[in-house]
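Peer 1: Questions regarding the structure given below will be posed in turn.
The values are calculated or read from the model by the stated rules, or taken from the named source; none is laboratory data. Please read these numbers as outputs of a predicted model, since none were measured by experiment. A quick note on method: Cβ atoms are made from the backbone with ideal geometry, for glycine too, and the neighbour counts reach across all protein chains shown.
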């Protein structure tokens, strides 16, 4: 019996829908924890919580968002890809931007023997693309094209903007939970007249402890879905899944030492740069299996 094929547009649409569902889960948890804690503390206290959450999470993350390209490039010590030795790299990116309709991003190279790449920037007009020296040396033209098309898929889908929004909500949940737990530790329940609220208190305590863990797991699941979508976008741009499949197989078998980079930028990479943090990216075998059906 012939195996059912997967169309890249269906794969992109399916993963986007699942990403929105997972994002809705984060939003529901945020509303639930605010409601429970607000019921225990009263209107004035919940207003204070919102002020702290907005200042610390949204303020910080918006700064990171608007400077995401500069922060990512600086954190890995990448240099701009200038000179004749990077002609093929530039030519491939130019060809992909024509195929995808995207503006030409700034392109960079980072010093690492691993096969890897990442894209960053708040929108296509402010995007940057970076590959490792190992990718340029070990991948042939079609393989490199597949990897770069994957990264441009992130740019086309505004994944940095999307993940920043999710990070804002996850950050707010973490801050609200921390404030609530510290208030219990230092001050106890401020709503002393309502001892009958013991059940609400237990629910609030459980939510405050578990909510940050749950939403972080959901955030990682969203990240994995965006990787599958970017793989499908790469096939859409190149019409040649074999190049990306071959690049993933090379990554799977390579045994290069890990480069010291910030774990905060690990989700941006084409392949997880930290072998012990597999949860930020889908399993390579699963990515290959899906691509082989396209």
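Peer 1: Against the conditions (1) surrounded by 14 or more Cβ atoms within 10 Å (Cβ to Cβ); (2) modelled with pLDDT of 70 or more; (3) closer than 26 Å to residue 160 by Cβ, where does residue 217 fall short? Just the number, please.
Peer 2: (1)
Peer 1: Here are the criteria: (1) modelled with pLDDT of 75 or more; (2) over 30 Å from residue 31 (Cβ atoms); (3) surrounded by fewer than 21 Cβ atoms within 10 Å (Cβ to Cβ). Tell me which single one residue 274 does not satisfy.
Peer 2: The failed condition is (1).
Peer 1: Here's a follow-up. Which of (1) at pLDDT below 70; (2) in contact with a helix residue (DSSP H, G or I) (Cβ under 6 Å, 6 or more places away or on another chain); (3) closer than 30 Å to residue 244 by Cβ is the odd one out, the single condition residue 53 does not satisfy?
Peer 2: The single condition residue 53 does not satisfy is (3).
Peer 1: Kindly check whether there is at least one residue in the range 98-108 that is within 17 Å of the chain's Cα centre (by Cα) and either in a helix (DSSP H, G or I) or farther than 15 Å from residue 67 by Cα (or both). Break it down stepwise before answering.
Peer 2: So the first thing to find is which residues in the range 98-108 are within 17 Å of the chain's Cα centre (by Cα), and the list is none.
Within the range 98-108, not a single residue is within 17 Å of the chain's Cα centre (by Cα) and either in a helix (DSSP H, G or I) or farther than 15 Å from residue 67 by Cα (or both).
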